[in-house]
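Structure first, commentary second.
Laboratory data are not the source of any read-out in this text; all were calculated from the coordinates shown. Computed from a predicted structure; not experimentally measured. Neighbour counts are summed over all protein chains in view; Cβ atoms, including those assigned to glycine, are modelled from backbone coordinates with ideal geometry.
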Amino acid sequence: MSLDHSQPHQCQARPQDLVEHDRVQTPLYEDAALFDEEMEKIFAHTWVFVAHGSEVPEKGSFILSWVGLQPVIVVRDRKGDINVLVNRCRHRAATVCEVKKGKTSSFQCPYHGWGYGLDGSLRGVPYPEQYGEDFDKAALSMKRLRVDSYQNMIFATLDESIEPLAEFLGPAKKWIDLFMKQGGGYPVKVLGEHQFTVPMNWKIQLENTTDAYHFPVVHKSFIQSLDKEAEATFNFFDKAGFVEDLGNGHSVAVMIPELIDLDENLDDPIPERFAELAQALRDEGFEEQKVRKIVRATGGAGFNLNLFPNVSLSLAFFRVLRPVSVKETAIRHVCLGMDGGPAAANRMRMRLQEHFQGPMGFGTPDDAEVWERVQRGTLGGKELPILVNRGLVDEVPGVDGPRGHLSAETGMRASYQMWKRMMAQ
Amino acid sequence: MSGIKTMERPSDLNSIGLQELTAFVWREADILDRCDYDAWLALWTDDGHYIVPIGPGENYEDQVNVCYDDAKMRKMRIERFQQGFSISSAPPADTVRTVSRFVLDRVDGDEIVLRCAEHVVENKFGRQRLYAANLTYTLVRTDGGLKIRDKVARLLNSEGELTAFSYLF
């Protein structure tokens, strides 16, 4: 890092003036002072997704994560409760854990040996005598965040005063319920993940998951790699899909309407690309209805759900974004499977994940390229607005908010209205 | 460890010829740097896998990998590179790769397991990135000369945050 990066930046306009209903301004991707303000006004005052419960399955299981720029440890304690602890020793600030995930009985700072329990409480310090008799260990626990979960998705917040998670998610909850049906009757479990960074502002990724307009263009090479039947499945705009604002910045894009509810239409023909899996399950002794339920679940849900500000539920995976700096964003593509389900189905899900996601997938590198192009392009013509007006012309009231054509920018408008509301605080 | 093992078995080394193996791997590196992907596909037997793993362990089938390509997926991946529709691959990043530190791991009949180190420098958007990988080849002697059955490219920081790649390791 050069010293140039620490020069004070000044956002010229009030943040809320940078967002209109149908357009936003270039500083949203570019302004370092605005980024700092976002970390304070948004990421410190909302529910941030930190992990899935299956990543910390047992007492003592932990995984490293982030809330905005802050490193945290998500850990299940002896009572089975989830704690989200800021990864910082209360003595001299060293991180107490640099192992990405694992199982432990306690955390110990490597610098002077302060030891903490799984709930973050300070258990002991070497040679405590020099702190005197009134040394109050209870006041020196690791910083613990407020935690809540929905459908085993764990969220944390630095703000004790915001509404409960369920209230914040609101109408998005029923879509999360539908999404989790891809367990095919088994609990949903994390099977692995792809991680990568892209030199772009975090909001460029935030905009993407319910933007179906880009799919046939950016992902043409992916679509062409599929068989005819699968190609038709991914040919979204011929169907009755839509994108809807769910409030609080959340939005849903329904791309494959026949796959909204994976428990329905079990008698539909099994697609060609799942025929081999279906036979493998029959050979394992599964009944035909169960075979159909698992096979239908294997391909994932037919919609993308974007939860403001940092997690999306997309087809068969979570996409988790982490702002790193104004022009750098880290992304996790978390592959989901069936906990205790047939190995053949989980293998197929992992192969489908590899086919599209990750640094060498047939989809992700093309997404990453266009996201980076956005960041590079905004260096020019900074006075030009970024348009989010697509689909306003025929947007109608939906069940929970404005509903537009599947290619509409309704989801982006939802995100930016929430951004505006939070930044005006 | 395997280096020492190799030293203890000079006859194997001589019978295979490390020079022949390195020449083969260097030719592959040249093919990849030139993006001559049809020539690359021709280096393979049909039954093998090209794998870029994420986690430790060798049960690649039951874990999420960066890439786990059987013959069909290899062919599809190359078609994607060649069709020109993929914005990340057309044009691809320019690469220069160096392969070195060859160790003959074991020889079992016609099957040869070779380990080596690879550095890839990529250039795109006037920006250069450097990746390092440990490569493990399972090569077989066929009537058509040496072929690759399996190739495992284990990247440094494979379990951490990578960037998107428009080339092969």
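Under a Gaussian network description of chain A, with springs only between Cα atoms under 10 Å, the residue in A:GLY285, A:GLY358, A:GLY241 that fluctuates furthest is A:GLY285. The separation of region A:339-359 from region A:274-305, counted between C-alpha centres, amounts to 13 Å. The ranking of A:SER161, A:SER314 from fewest to most other beta carbons within 10 Å of each one's beta carbon is A:SER161, A:SER314. Residues considered: B:ARG129, B:ARG97, B:ARG27. Largest GNM mean-square fluctuation over chain B, using C-alpha springs under 10 Å, is found at B:ARG129. Only Cα pairs within less than 10 Å get springs; with that Gaussian network setup on chain A, which residue of A:TYR150, A:TYR213, A:TYR131 has the largest fluctuation? Per the Cα network of chain A with a 10 Å cutoff, A:TYR131 tops the list. The string of couplings for region A:224-238 from the Karplus curve (6.51, -1.76, 1.60, θ = phi - 60°) is 6, 7, 8, 6, 4, 5, 5, 4, 5, 4, 8, 8, 5, 6, 7 Hz, one whole number per residue in order, with x for Gly and Pro.
Rounded to the nearest 0.05, what FRET efficiency is calculated for A:ARG144 and A:ASP36 with R0 set to 22 Å and r the Cβ-Cβ distance? Working shown, then result.
Numbers: r = 24 Å, r/R0 = 1.11.
With R0 = 22 Å, the Cβ-Cβ based efficiency is 0.35.
Against the compact-protein benchmark of 2.2 N^0.38 Å, the Cα-based radius of gyration of region B:72-142 scales to 1.44. Think of the protein assembly as shown as having a plus end and a minus end, set by charges on the Cβ of Lys, Arg, Asp and Glu; of A:MET142, A:ALA280, B:THR138, A:MET142 sits farthest toward the positive end of this dipole.
Around A:VAL84, under 12 Å between beta carbons, what's the net of Lys plus Arg minus Asp minus Glu among the other residues?
Working: positive: A:ARG76, A:LYS143, A:ARG144, A:ARG146; negative: A:ASP77, A:ASP81, A:ASP119, A:ASP148.
Combined, the nearby Lys, Arg, Asp and Glu give 0.
Across chain A, C-alpha contacts under 8 Å between residues 6 or more apart give a mean separation that, scaled by the residue count, equals a relative contact order of 21 percent.
Taking the square roots of five times each eigenvalue of the Cα gyration tensor of the protein assembly as shown, the equivalent ellipsoid has semi-axes of 39, 32, 26 Å, listed largest first. Among B:PHE165, A:PHE234, A:PHE43, sorting on how many other beta-carbon atoms sit within 10 Å of each Cβ, with the fewest leading, yields A:PHE234, A:PHE43, B:PHE165.
Taking Cα atoms of region A:354-425, Rg/Rh with Kirkwood Rh, to two decimals? Please report the intermediate quantities before stating the final value.
Numbers: Rg = 15.9 Å, Rh = 14.9 Å.
When Rh is taken as the Kirkwood radius, the ratio is 1.07.
Among the listed pairs A:LYS103/A:LYS420; A:LYS220/B:LYS124; A:LYS79/A:LYS100; A:LYS79/A:LYS137, those with a Cα-Cα distance over 32 Å are A:LYS103/A:LYS420.
For the pair region B:104-169 / region A:120-142, the C-alpha centres are spaced 51 Å from each other.
Using the Cβ of A:ASN208 as centre and a radius below 10 Å, the other residues enclosed give a net charge of -1, where K and R count +1 and D and E count -1.
Calculated FRET efficiency, A:ALA343 to A:ASP134, Cβ-Cβ distance, R0 = 56 Å: about 0.45 to the nearest 0.05. Relative contact order of region A:28-127: 18 percent, from C-alpha pairs under 8 Å at least 6 residues apart in sequence. Please list, by residue number, everything in region B:51-88 whose backbone N is under 12 Å from a paramagnetic label point 7 Å out along Cα→Cβ of A:ARG351. Correct set: B:61-62, B:68-74.
Given the DSSP H assignment, sum -39500 (n - 2.57) over each helix run of at least 4 residues in chain A and divide by its residue total; what's the result at 222 nm in deg cm²/dmol, nearest 500?
Working: 13 runs with 106 residues, N = 425.
Calculated at 222 nm, the ellipticity per residue is -6500 deg cm²/dmol.
Taking amide hydrogens as modeled 1.01 Å from N in the peptide plane, which residues meet the under 5 Å criterion relative to A:VAL67, leaving out close sequence neighbours? The answer is A:VAL72. A DSSP coil position with no more than 16 other Cβ atoms inside 10 Å describes the following GluC sites (Glu not before Pro) in region A:125-182: A:GLU133, A:GLU160. Partner lysines whose Cα lies under 28 Å from the Cα of A:LYS293, excluding those fewer than 8 positions away in the same chain, are identified as A:LYS173, A:LYS174, A:LYS181, A:LYS189, A:LYS228, A:LYS239, B:LYS72. For the segment B:155-167, counting C-beta atoms of other chains within 10 Å of every residue's C-beta and taking the mean gives 5.
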